[in-house]
Amino acid sequence: MPLPRGGWRRRIEVFSPKIGRRLSLGSYDAFRTWLVIEANPAIESFTERPAHMDGPGRAIIDFWVKMRDALSGEFWIIEGARRPRDDAESSQDAPALPAILHNHTVRMVRQGDLQAWSIPIANWSRIVPYLVSHRRFRNALLEQSIVVFLGQPQTLDAVLERFAVSDATSVEASLFALVAAGRVESPDLAVKALGGSTRFKRA
């Protein structure tokens, strides 16, 4: 959706299974960072664009993120999200961001981080649609049966074969919901493309 004043402005609409509502993101980097947040079961909650930093070198705070075991949240700012006051101001001249803001740690998500996370981001771009489309149809019995089966590491193909009496899409959605909840883990998702040989195990 085109927005006035600035060619960098765009809007990407998504639905977050983690917090159960629609989000409006302003860049593809924000979209990729959101997938990182959805993929991390240690993140309890978050919100997009919680605040705007005024003053020279002002920056949009892209996300507020709350970890399960943390007393306070973190502000995440994506590298390149700083907006100049006017055409004469260079982002290279902007002062460094503070390490703490309103008693919250400020974390910079750098372009190098997003590049390093390219494989898990691609995998979770495939997983999230399962979580969204099946969020109202979760099968607790099927999920518990998968957890029991994954007492030993198993491939995705092995899981689908074991529960072949159920719809394959529902089995995959149940498995991915368990991964998102932290009850099942898969180190393979961080290093190679999701496929039949991807291994999963009980956490």
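Computed extension gain for Gln152 through Ser166, at 0.36 nm per residue and net of the alpha carbon distance, reaches 2.9 nm.
Specify whether the C-alpha gyration tensor of region 129-202 places it in the rounded, prolate or oblate class, a ≥ b ≥ c being the square roots of the eigenvalues: rounded for a/c under 1.5, otherwise prolate if a/b is larger than b/c and oblate if not. The shape class here is rounded.
Potential lengthening of the chain between Gln144 and Arg107 amounts to 9.7 nm, from the contour at 0.36 nm per residue minus the alpha-carbon distance. The residues neighbouring Thr198, those whose beta-carbon lies less than 10 Å from its own, together hold a net charge of 0 under the Lys/Arg +1, Asp/Glu -1 convention. What the Cβ-Cβ distance of Ala181 and Tyr28 gives, at R0 = 25 Å and to the nearest 0.05, is a FRET efficiency of 0.40.
Among 38-49, 174-185, 126-137, the peptide with the highest mean count of other Cβ atoms within 10 Å heads the list, and the full ranking is 174-185, 38-49, 126-137. Summing Cβ point charges (Lys, Arg +1; Asp, Glu -1) relative to the Cα centre of region 102-203 gives a dipole of roughly 280 debye.
We did not get these values from a lab; they are worked out from the coordinates using the rules stated. Keep in mind it's a predicted model, so treat the numbers as computed, not measured. Neighbour counts run over all protein chains shown; Cβ positions are idealised from the backbone, glycine included.
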